[in-house]
Amino acid sequence: MLPAPAWSSQEPTWRAARPRLIQEALARAVARPSGNWYVCGAAREIRPGRPYGRTVAGAELVVWRRPDGRPVAGPGACPHLGAPLCHGVVERGGLRCHWHGLLLTEEGTAGWEPWPVYDDGVLLWVRLDEAGGEEPLPRPRLPRRPDAARTLDAVTTVAGGCEPEDVVANRLDPWHGAWFHPYAFTRLRVREEPGPGNGDRFVVDVAYRVGSRAAVPVRAAFTAPEPRTVVMEILDGEGAGSVVETHATPLTAPGAARPRTAVVEAVLATSPRPGFTAARAAAPLLRPLVRRAAARLWRDDLAYAERRWELRSRGRFPGAP
């Protein structure tokens, strides 16, 4: 534990948070291939016997699970008369429309073809080739994660009026952490800056606040493996090996006048401490607490991302190339 200094006594970070450095790291992240894969939500949200609806990149979609647990995804409007399929009934591995009883399956039918879908055990991904416009990949580019058998995971989803790049840019500016989130972080120092030679990796020393007077120090690395994802991994300190994946999923179609983006953040916590086994057993009780903490941070960070988009849209953003 370390003492937590007062907010106003911190060393200012604005000189280190160079707009050009952040913009160049963002440009390289946006240029990486995604294979047209988008995170559409937490895997556990797609429950057996219940269809799940979401709009991604302007495309209405529906997802359900077959009896063996495998997900099926496709357009969210019935090809007959446009009924919302998220209100349908899962039946014998297919989805029956509640308007006129048309049964849709993974085999497809006239006017309705399934889309590639991938369940990684924590998140559910869908491949939208028309929206992505890239060379398709057979599966998403998944970051390294801790051993699932020793992990407590929780997924939080919030949404705001910005584009995915604004969410990624927020995460590629770690210097704002202790100033903008003083209730969560203190003693933040960036030890390694991103560049082509280090895989665009930030390394940050930061202390997580425990109450108002103490903090737990860790060393963490931030990377952006694809255009809509930033991964934070704790390298040293409490919870070493834990990962936080931040995925920015566009809700509106590309080029929308008023864009909306969902932030889907997966916390994958691990620890060698003996008591962590008990924490994993209490996961259903702990997940709401983890989600609440993440949502509080993202209320602030979405304000940052929305402000960035607002200034960009008017040609007034200081960090514009």
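The values are calculated or read from the model by the stated rules, or taken from the named source; none is laboratory data. These figures come from a predicted structure and were not determined experimentally. Because the Cβ atoms are built from the backbone with ideal geometry, glycine has one as well, and the counts that use them run over all protein chains shown. In case anyone asks, the SASA skips ligands and DNA or RNA and just uses the protein heavy atoms, side chains included. Shrake-Rupley method; radii C 1.70, N 1.55, O 1.52, S 1.80 Å.
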Notebook entry, point to check: Which of the following residues is without any contact (Cβ under 8 Å) to a residue 24 or more places away in the chain and under 19 Å from residue 183 (Cβ atoms): 220, 207?
Noted result: 220
Checklist line | Selection status of residue 295, assigned to a helix (DSSP H, G or I) and surrounded by 14 or more Cβ atoms within 10 Å (Cβ to Cβ) | finding: yes
Next item on the list: Take the residues in segment 244-287 that are without any contact (Cβ under 8 Å) to a residue 24 or more places away in the chain and assigned to a helix (DSSP H, G or I), then tell me which one is nearest to residue 220 (Cα to Cα).
Entry: 277
Note to self: Given the criteria at pLDDT below 95, closer than 24 Å to residue 261 by Cβ, of a type outside the set (Ser, Thr, Tyr) and open to solvent by 50 Å² or more (accessible area, probe 1.4 Å), does residue 142 qualify?
What the structure shows: yes
Item checked: Residues of segment 260-275 satisfying the condition of being in contact with a strand residue (DSSP E or B) (Cβ under 7 Å, 6 or more places away or on another chain) and open to solvent by less than 40 Å² (accessible area, probe 1.4 Å) -> 261, 262, 263, 264, 265, 266, 267, 268, 269
